[in-house]
Amino acid sequence: MRHTNVQQRLTLNDIGCLLTVFGIAAFVPLAIVGRHLLQTTTANTATNLTAGWILLSIYAFFAILNFHLSAIRPWLHMRRGGTDYKHVSGIPIVHIIFMALAIFALPPSLLAGILMLVLLALDTGAAHWAALAFAREFLPKRG
């Protein structure tokens, strides 16, 4: 439900949460670009390489699950002619920890950087989608 005077509902705690989510939403893509697309050194240990790909795989699982639950599942339900769709929520922002650890565990790589950005764009439970939802809810509507 949208309110016309949303500013009165915002508390200091709400503002702190909003700033945190917006900060995470801005940090993760910048960290990916800075670490994997702009650096050229590739020296790293095999342990870090293995741990990085495992962390990225865990993140990929949650990102694809979130995308399936929010985009593919409703589309399939509608295509099959279903009338009562029960929305199932995905995994929220918490799994971004796996992405953050993978960013710094993997050696700089163009392939890893592009894969991370694609997964981040697909992940409807990531911070940038939460920031967009918060902005829609809390910012006054124009027009």
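Does the range 66-83 contain any residue that is touching a helix residue (DSSP H, G or I) at 6+ places or on another chain (Cβ under 6 Å), surrounded by fewer than 20 Cβ atoms within 10 Å (Cβ to Cβ) and either among the basic types (K, R) or modelled with pLDDT of 90 or more (or both)? Checked against the condition, which is being touching a helix residue (DSSP H, G or I) at 6+ places or on another chain (Cβ under 6 Å), surrounded by fewer than 20 Cβ atoms within 10 Å (Cβ to Cβ) and either among the basic types (K, R) or modelled with pLDDT of 90 or more (or both), the range 66-83 yields at least one hit.
Applying a threshold of 8 Å to beta carbon distances and a minimum spacing of six or more residues, or different chains, the list of pairs starting in the range 105-131 at a residue that is under 14 Å from L38 (Cα atoms) and ending at one that is hydroxyl-bearing (S, T, Y) and assigned to a loop (DSSP other than H, G, I, E, B) reads P107/T41; P107/T42; P108/T40; P108/T41; P108/T42; S109/T42.
The values are calculated or read from the model by the stated rules, or taken from the named source; none is laboratory data. Predicted, not measured: the structure shown is a model, and the values here were computed from it. Quick reminder, even Gly has a Cβ in these numbers, built from the backbone with ideal geometry, and neighbours come from all protein chains shown.
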